[in-house]
Amino acid sequence: PVAGIQKFPEKSRDRFLQPEELEKFFTAVNEEPNQSIRDYVLISLYTGARRSNVLSMQWKDVSLQHKIWRIPNTKNSEPHVIPLIEEAIDILRSRQDNGSDFVFPSDSKTGHLLDPKNGWMRILERSGIIDLRLHDLRRTLGSWQAIMGSSTLIIGKSLGHKSQKATEVYARLNLDPVRKSIETATKAMFQSVNKSTNNQPNEINMY
């Protein structure tokens, strides 16, 4: 019955946090009164992980000693290991001993945070940033990695992308260059904020 009907053209979304938005974003996140929402947003940015994976993040999959987070089930139906930068580790350490198997526990049937929509809307309202979705945090990390010169293979590895022959190359990559790429990207974001405010590097709290 749909023979001859052209598919509606899909446009890929390319929204990510711009340099001039970063200061407003981090300030709004730091002012969020709900610590779980604040931590969830920052972990989403620092890991580039998908929304559902961050929400259901479990302590058994996190190794603070080895600085990695192994996601057993992903959109690609394959495990994905994410190297954790120091900013992410600091947040996770502050949430330890929460009495739950989940990093972001709640009273929901699943036992973990389900919908951070209201908290996210508060952050956007305080920051004055429009047209930014939670998934755009994932795109923000990848975009800043690209801006800082990371290869598509490194970016694909850090975000858990799956693509034909490139997948074999991802499997052979060491996690050290991936962690370095993420660190370089986040430092560039922090430096952009500091330049816009003419502050010293340590004067803006990113957590």
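Read-outs throughout are calculated quantities, based only on the coordinates presented, and are distinct from any laboratory measurement. Given the structure is predicted, the values throughout are model-derived calculations rather than measurements. Neighbour counts are summed over all protein chains in view; Cβ atoms, including those assigned to glycine, are modelled from backbone coordinates with ideal geometry.
For the reader, a short list of remarks on this structure follows.
- Each semi-axis of the equivalent ellipsoid for region 88-157 is √(5λ) with λ an eigenvalue of the Cα gyration tensor; in descending order they amount to 27, 20, 12 Å.
- Contour minus Cα-Cα distance for Lys162 and Val81 (0.36 nm per residue): 27.8 nm
- Between Lys109 and Thr27, the simple spin-label model (points 7 angstrom out along Cα→Cβ) gives 4.2 nm.
- Cα lying deepest toward the dipole's positive end in region 20-138, options Asn76, Asn34, Met57, charges on Cβ: Asn76
- Compactness relative to 2.2 N^0.38 Å, alpha carbon Rg of region 19-94: 1.15
- Shown for region 1-154 is the translational diffusion coefficient from the Stokes-Einstein equation, using the Kirkwood radius over Cα pairs, a temperature of 4 °C and a viscosity of 1.567 mPa s: 76 µm²/s.
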